[in-house]
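Report on the structure given below.
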Amino acid sequence: MAKTRVLVTGLSGVVGQAMQAELADRYELSSLSRYGTEGLDDAHNFRGNITDIDALTAAFRDQEVVVHLAADRSMKAPFESTVDFNIKGLYNVYEAARQCGVRRVVFGSSQHTVGGFYRDPPYCHIFAGEFDRVQRPYALLDETAPIRPSGYYGMSKVYGEAMGHYYYDIYGISTIAIRIGFTLSNNLPTFDGSALSLWLSHRDTTQIHVRAIDAPPEVGFTVVFATSDNYWKIFSLDKAREVLGYEPEDDAGPVLDPGAQQLERDFTEFKVHPE
């Protein structure tokens, strides 16, 4: 049986690298990025920018599913950059998908769509590592929580979810928007409370994306939170379980490591290619 043809934008980023090997094994995998992605042959290794719709249409031709991760990923991104990459670039992705007959977009959304809640207890105490101030059990946020972005980045992801719904309603392109927690290049979340809460391990990152790619056509449009099944998680994973069959395998645990540090690569404002 022929493998599903899947293209990932931003495959060379932290989330993409966490799952590239597994995706390459399961699918006919292609990539679109500005500088290319290691491990792919030239026929599957497209170079271009999401601000260039012609580059996108060249890459999307004959693809069945596009996993869209490329963006200005900084939670501190200025308005101008979020407009160029996370709004205009996203529009180009959906237009190219429409023109090329892509049947599904798996959209890398973010928990920052509701990041304003991190100001409130008990979530603020969890993020600060003040676990003695948290009484368990506490209420988990789910997909019915009001939109409350924590910056222009979060606002752009809200826009992306809305665009996905529009392109499903009008053009029939399925969108599964994954509100990604916190995938780390070294897979070690013990450096602070927010990481213990939001951590999405490499194998859980892979699983949720595989579940979204392989979801049946009846899953036309949906939005789900995605973290590992962490002791200090603040998001309900029930919808991801029910709609996609997601069963997280990992838990960041309850304890911080005073000697652990966040790698520079995992700061959201870090750019391999600053330009």
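Once you reduce segment 1-41 and segment 202-275 to the center of their Cα atoms, the two points are 18 Å from each other.
Using a Debye calculation, one point per C-alpha and no hydration shell, please list log10 I(q)/I(0) for segment 164-255 at q = 0.24, 0.25 Å⁻¹ in order. Per q value, in the given order, log10 I(q)/I(0) is -1.11, -1.18.
The simple spin-label model puts a point 7 Å past each Cα toward its Cβ; for R265 and E247 those points are separated by 3.1 nm. Largest accessible area first, the residues K239, K76 order themselves as K76, K239 under a 1.4 Å probe with ligands, DNA and RNA left out. Given a 1.4 Å probe and the protein chains as shown, L184 ends up with an accessible area of around 0 Å².
Where the accessible area of segment 67-164 is counted over protein heavy atoms with a 1.4 Å probe, how much of it, in %, is carbon and sulfur? Don't jump to the answer; show the numbers that get you there.
Values: 2390 of 4400 Å².
Heavy-atom surface of segment 67-164 belonging to carbon and sulfur, 1.4 Å probe: 54 percent.
For segment 1-158, the relative contact order is 22 percent, taking Cα pairs closer than 8 Å that sit 6 or more residues apart in sequence and dividing their mean separation by the residue count.
For a paramagnetic label modelled at 7 Å from the Cα of D52 toward its Cβ, which residues of segment 1-37 fall within the zone defined by backbone nitrogen distances under 13 Å? Correct set: 32-36. Between E130 and E64, the simple label model (points 7 Å from Cα in the Cβ direction) yields a spacing of 5.1 nm. Any chance you could give the angle, 0 to 90 degrees and rounded to 10, that helix 89-100 forms with the longest Cα principal axis of the chain? It works out to around 40 degrees.
Loop-located chymotrypsin sites (Phe, Trp or Tyr not before Pro) in segment 7-49 (DSSP state not H, G, I, E or B) with no more than 16 neighbouring Cβ atoms inside 10 Å: Y35. Here is how the number arises for the chain: DSSP H runs of 4 or more residues each give -39500 (n - 2.57), the sum is divided by the residue count, and the result at 222 nm is -8500 deg cm²/dmol. Distance between the pseudo-spin-label points of D192 and D120 (7 Å out from Cα toward the beta carbon): 2.2 nm.
When the surface is traced with a 1.4 Å probe over the full set of protein chains, D41 keeps roughly 80 Å² accessible.
When the chain is treated as a Gaussian network with alpha carbon springs shorter than 10 Å, the biggest mean-square fluctuation among L198, L256, L11 belongs to L256.
With a 1.4 Å probe and every protein chain left in place, work out the accessible area per residue of segment 148-195 in Å², rounded to a whole number. All intermediate terms of the calculation are to be shown ahead of the outcome.
Working: 1830 Å² over 48 residues.
Normalised by residue count, the accessible surface of segment 148-195 is 38 Å².
Net length available on complete extension from D25 to Y138 is 36.7 nm, with 0.36 nm assigned per residue and the Cα-Cα distance removed.
GNM remark for the chain: springs join alpha carbons under 10 Å apart, and the peak mean-square fluctuation among A177, A195, A139 falls on A139. For the pair D84 and A2, a Förster radius of 51 Å applied to the C-beta separation gives a FRET efficiency near 0.90, rounded to the nearest 0.05. Subtracting the Cα-Cα distance of K76 and E218 from their residue separation scaled by 0.36 nm leaves 47.5 nm.
Dividing the mean sequence gap of close Cα pairs (under 8 Å, 6+ apart) by how many residues the chain holds gives a relative contact order of 18 percent. Across the protein chains, with a 1.4 Å probe defining accessible surface, the residues F107, F221 rank F221, F107 from largest area downward.
Rolling a 1.4 Å probe over the protein chains gives H165 an accessible area of about 80 Å².
The values are calculated or read from the model by the stated rules, or taken from the named source; none is laboratory data. It should be emphasised that the depicted structure is a prediction, and the values quoted were computed from it without experimental measurement. Glycine gets a Cβ as well: all are built from the backbone with ideal geometry, and neighbour counts include every protein chain shown. Remember, those area values only see protein heavy atoms, side chains included, never the ligands or the DNA or RNA. Shrake-Rupley method; radii C 1.70, N 1.55, O 1.52, S 1.80 Å.
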